[in-house]
1. Taking strands (runs of 3 or more DSSP E) that fall entirely within the stretch A:70-115, which contain at least 3 residues that are more than 14 Å from every other protein chain (Cβ to nearest Cβ)?
2. Could you list all residues from the stretch B:234-250 that are in contact with a Lys or Arg (Cβ under 7 Å, 6 or more places away or on another chain) and surrounded by fewer than 21 Cβ atoms within 10 Å (Cβ to Cβ)?
3. Tally time: how many residues in the stretch B:359-375 are more than 7 Å from chain A (Cβ to nearest Cβ) and in contact with a Phe, Trp or Tyr (Cβ under 7 Å, 6 or more places away or on another chain)?
4. Residues in the stretch B:128-155 that are over 26 Å from residue A:114 (Cβ atoms) and either modelled with pLDDT of 95 or more or buried (at least 24 other Cβ atoms within 10 Å of the Cβ) (or both): how many?
5. With the checklist (1) touching a residue at least 24 places away in the same chain (Cβ under 8 Å); (2) surrounded by fewer than 18 Cβ atoms within 10 Å (Cβ to Cβ); (3) of a type in the set (Ser, Thr, Tyr) in hand, flag the one item residue A:166 doesn't pass.
6. Would you point out which residue out of B:78, B:32 is modelled with pLDDT under 95 and surrounded by fewer than 19 Cβ atoms within 10 Å (Cβ to Cβ)?
7. Tell me the residue from B:311, B:302 that is hydroxyl-bearing (Ser, Thr, Tyr), over 26 Å from residue B:24 (Cα atoms) and under 16 Å from the mean Cα position of the chain (by Cα), please.
8. Restricted to the stretch A:1-26, and to residues that are in contact with a helix residue (DSSP H, G or I) (Cβ under 7 Å, 6 or more places away or on another chain) and away from every other protein chain (no Cβ under 13 Å), which residue is farthest from residue A:312 (Cα to Cα)?
Amino acid sequence: MDLPNQTHVSLLVVIRRPRSLPSRGTITVRVNQKVSPADVIGRTTLAPAHYLFDIAHGLGLPPEKADRYLRREVDERVSGGDILAGPVGWMRRVVRAPEEGRVVLQGDGRLLYEGLGESFELRAGLPGTVVGMDPDIGATVETVGALVEGVWGNDRQEFGVIRMTSSGSGGLLASSDLNMDMRGAIVVAGRLEDPNIFRSLVAVPVRGVICGSMPAALIPAAVSCAIPVIVTEGFGRIPMNSAIFELLSSNTGREASLNAQSMDSWKGLRPEVIIPLPAVGSADVPAEALQLVVGRRVRVLRDPYKGREGSVVSLPEGLQPLPNGIRVQCADVELGETGLVRLPVANLDILE
Amino acid sequence: MSDHEAPPQMPEADSLLLLNIGTTHTRASLIDIVERQYRMVATADCTTTADAPYSDVGEGVRAAMDQLANLVGCEFFDESGMLIVPSRGGGSGVDAVVLTLSLQADVRAALVGLLPDISLQSVRKLTESAPVRVVAEISLGDKRTDEGRMDALCRAKPDLVLVAGGSEGGASDAVLRLMEVVGLSIYMMPQESKPQVLYMGNSTVAEKVQEMLKGCQCPVTVARNIRPSVDREDLDPGRVALNEMTAQILRARLGGIEGLLAWTGGELTPSPLGLGTVIQLLGRSAPPKKGAIGVSVGSGSTILAAGFSDTMELSVRPDLNLGRNAPLLLKRTAWRDIARWLPFDSSESALTNYLHNKSLFPHTVPASPEDLRIEMAVVREMIRAAVRTALPSWRVPFTWPWAGLLPPVGCIIGSGSALANVPKPGYAALLLLDALQPAGVTNLILDAQNMICALGAAGRINPLAVVQVMDSPAFPRLATVICPVGKSHPGDPVLRYRLQYPDGRQIRGDVRFGTIDVAPLPLGQKAQINIQLHRHFDLGLGGYGQGANFPVEGGLAGLIIDARGRPLAFESDPAKNRKRQDDWLTQITV
């Protein structure tokens with residue numbers, strides 16, 4: 001039994017997103033606090049350097065005597081240049097902290113010291129309200145709006161106004177299509193192909209780009225690009241599916257949060273576009289783990305018909321033969337102009 | 001059976017439920033006694049539900065078991081939803097449950113050794129036998145300061161630290177100095193992310209090492225020294241310990257696994273060990289100077305196991321999979337090497353896009369003929385890449401004359417959806433022949449239900465069931481293959497054969513170089529073959545030109561004579577090569 005894939009293309013839903021620090025630190029917001037995308041909601045330090053001091057050697061004493069000259073407690077915060085041990089003798093020999101940090105362990109004439117490391121700031125990433133928090137690790141921000149999930153992202157985040165390019169859902173975005181009206185905007189395009197397009201986008205500068213597809217060969221350029229890049233369909237020449245294209249078109253001029261995080265199926269993380277909207281009527285959290293039933297809107301994940309959208313007409317019982325001869329669980333899908341085609345259930349993605 | 005013969009003793013655990021949780025699919029198989037033999041009664045599968053939004057592997061297992069129950073008309077659960085163990089009359093319940101895990105999860109390993117070319121190299125080799133990713137390496141020879149080594153370990157955030165160093169009775173001070181660095185690094189890691197340590201160094205300091213790490217509050221396992229002397233390597237105990245520790249880590253990460261472990265008495269076997277167990281068994285029972293090979297290609301990893309007499313080699317390659325890491329194949333092999341297996345023109349960008357799209361949607365299946373050929377070409381190169389790396393370090397207790405080729409093997413077992421779900425058996429046979437290029441006379445076996453890993457794990461409970469199921473339709477013979485070693489020109493004679501059936505019928509054939517000949521010998525049918533071999537070719541039957549007369553058994557794809565030569569040569573003209581790919585598939589699926 002194949003459980004189908006699912007992608008959210010939701011017009012108005014309640015979106016809750018946990019934001020976590022990469023290591024324990026301090027969360028600076030409280031529950032019910034309103035936040036903007038750029039607000040810092042937590043801080044920590046990363047990759048601290050470690051120093052192992054031979055205090056006995058440094059002070060010119062045997063280890064058992066050197067311990068008497070230790071000046072700091074374990075876990076004590078120390079500034080760079082502060083004395084860790086000493087002074088000893090008429091030369092007033094001392095061991096000093098190489099940078100701001102803390103004493104981790106000391107004794108037997110030795111001392112282990114940890115520098116402060118690089119500081120890291122966690123931002124809210126979307127406008128909303130803090131609805132939950134773990135004091136040392138992260139907070140959950142809630143907003144109401146439209147949600148579009150992508151399939152690939154370059155691990156960057158930004159917030160900006162959505163602008164459609166003239167390329168349409170299947171057209172190619174060329175550098176010549178970019179203009180000054182797109183400054184500070186999140187640009188939506190059918191496809192990318194030009195290896196220099198990222199340089200052009202940064203030069204405008206735009207705040208992010210959402211495209212249907214791009215060649216996999218552009219991945220290194222996209223990864224090193226300073227703005228977020230989200231791909232909605234896959235790699236190659238696949239137009240953006242009409243459901244996503246129409247949702248983004250209808251929100252042209254609105255602000256959107258672009259989180260081009262890598263897909264992590266264990267954690268349920270996908271690159272996503274969140275467009276905060278005024279809550280009109282009742283919005284609910286997006287439906288998960290939907291079953292494939294007749295009438296369901298789906299898109300095709302693999303050749304032939306990759307990227308095409310349609311609706312399920314019937315679900316034949318048992319395993320069905322495919323044109324290549326293999327037998328799998330199938331669904332009959334109405335694919336617009338192409339008509340009715342039989343496709344493996346495993347190759348279908350429910351759009352909801 | 002005469003009146004005086006006692007019936008064979010059947011073990012207590014009659015029915016076995018095999019559960020295998022894979023990266024994309026979870027499978028459930030029922031083994032039971034049918035006509036006094038253990039048989040795999042049925043298998044059912046469901047998408048694995050380890051990922052969000054389910055985050056509970058139990059859901060996929062129960063769905064697969066529900067399907068299985070429908071197929072065989074039995075009940076596994078009682079009214080309160082509890083598994084019925086042991087089985088009751090009327091086909092409800094099972095006597096024992098076996099659980100294996102072949103799920104790909106990012107298990108991070110840091111390697112620690114005294115010398116980069118000795119102990120560290122052995123640990124590196126050990127990691128190839130388990131689904132782990134190496135995130136850091138430190139050794140006394142790496143020219144870093146102790147602080148640098150500590151920074152490297154802390155930044156790597158390992159789940160496992162694998163330590164080796166010091167031969168038996170050899171270096172001990174240096175080992176302890178290195179362990180101090182390891183201990184201090186682990187001491188500084190947050191409690192919730194402290195790694196497990198596997199110590200496989202000089203056993204004379206093992207107790208001291210455990211004592212040193214006591215304050216770090218991390219679990220420490222000690223296995224036999226992986227490098228007891230400079231010129232001897234002993235990977236087996238470390239391999240078992242590493243796989244068990246990997247399973248423990250996965251166990252802690254997987255939602256819903258505890259409920260399943262209650263069914264197995266806490267036993268959970270990593271899939272590579274399951275495959276290794278079966279191959280070791282087959283290697284021991286192989287004809288003299290022959291071994292056995294098993295290969296499984298899945299969305300989590302490619303596993304290659306080889307057994308020769310008492311040795312077992314295991315290679316687990318999470319970097320070669322049909323899932324998230326599919327694009328890494330292009331770092332192990334050139335795109336042209338994939339394209340050479342295709343009967344149509346392809347390009348670097350098309351294959352790169354294909355692999356990246358496969359990594360986004362690992363559960364998808366090829367729906368068009370072209371897509372199927374690409375997937376099979378990718379699988380060929382994944383197997384070839386795994387063999388290329390593993391073969392040089394195999395401990396084969398005999399010599400063989402074919403340099404660069406596999407040692408002679410009595411059987412090759414192929415496992416994975418890409419092999420089991422093919423339009424015709426010939427597709428799977430050709431894939432194995434192309435990827436492994438066996439030489440001599442070999443049997444190709446198909447793991448038709450993708451359950452060989454779970455079956456191997458069942459050996460712990462019921463070895464007889466493993467032996468009998470291996471000999472059942474769940475593992476059909478794809479073909480007996482006869483593969484002469486040698487080179488010639490296309491169309492030149494390679495061998496002449498006469499196949500004599502038990503009813504007296506005979507067929508004769510002349511096989512030409514560059515072709516595959518399939519003699520009609522259906523599954524289970526036996527015959528006698530007489531081979532006259534051209535002097536430029538060797539079948540391992542006594543030298544070049546030496547033919548023989550020996551019994552053969554048919555398979556799903558018949559009796560295959562692969563006269564393409566070894567090593568397999570490709571046409572330099574791409575158009576001719578593409579035509580050859582089509583010709584070979586046509587010849588083998590005739």
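The values are calculated or read from the model by the stated rules, or taken from the named source; none is laboratory data. These numbers come from a predicted model, not from an experiment. Ideal geometry is used to build each Cβ from the backbone, glycine not excepted, and the neighbour counts take in all protein chains shown.
1. Numbers: elements: A:83-88, A:93-96, A:101-107, A:110-115.
Ranges flagged: A:83-88, A:93-96.
2. Correct list: B:234, B:237.
3. The initial filter retains those residues of the stretch B:359-375 that are more than 7 Å from chain A (Cβ to nearest Cβ), namely B:359, B:362, B:370, B:373-375.
Restricting the remaining residues to those that are in contact with a Phe, Trp or Tyr (Cβ under 7 Å, 6 or more places away or on another chain) gives B:370, B:374.
Number satisfying all stated conditions: 2.
4. Matching residues across the stretch B:128-155 total 4.
5. Evaluating residue A:166 over (1) touching a residue at least 24 places away in the same chain (Cβ under 8 Å); (2) surrounded by fewer than 18 Cβ atoms within 10 Å (Cβ to Cβ); (3) of a type in the set (Ser, Thr, Tyr) leaves (1) as the failure.
6. Numbers: B:32 fails: surrounded by fewer than 19 Cβ atoms within 10 Å (Cβ to Cβ).
Selected residue: B:78, the only one of B:78, B:32 that is modelled with pLDDT under 95 and surrounded by fewer than 19 Cβ atoms within 10 Å (Cβ to Cβ).
7. Numbers: B:302 fails: over 26 Å from residue B:24 (Cα atoms).
Checking each option against the conditions leaves just B:311.
8. Within the stretch A:1-26, the first condition is being in contact with a helix residue (DSSP H, G or I) (Cβ under 7 Å, 6 or more places away or on another chain), and the residues that meet it are A:1-2, A:4, A:9, A:11.
With the extra rule that they be away from every other protein chain (no Cβ under 13 Å), the set shrinks to A:9, A:11.
Details: A:9: 17, A:11: 21 Å.
Here the answer is A:11.
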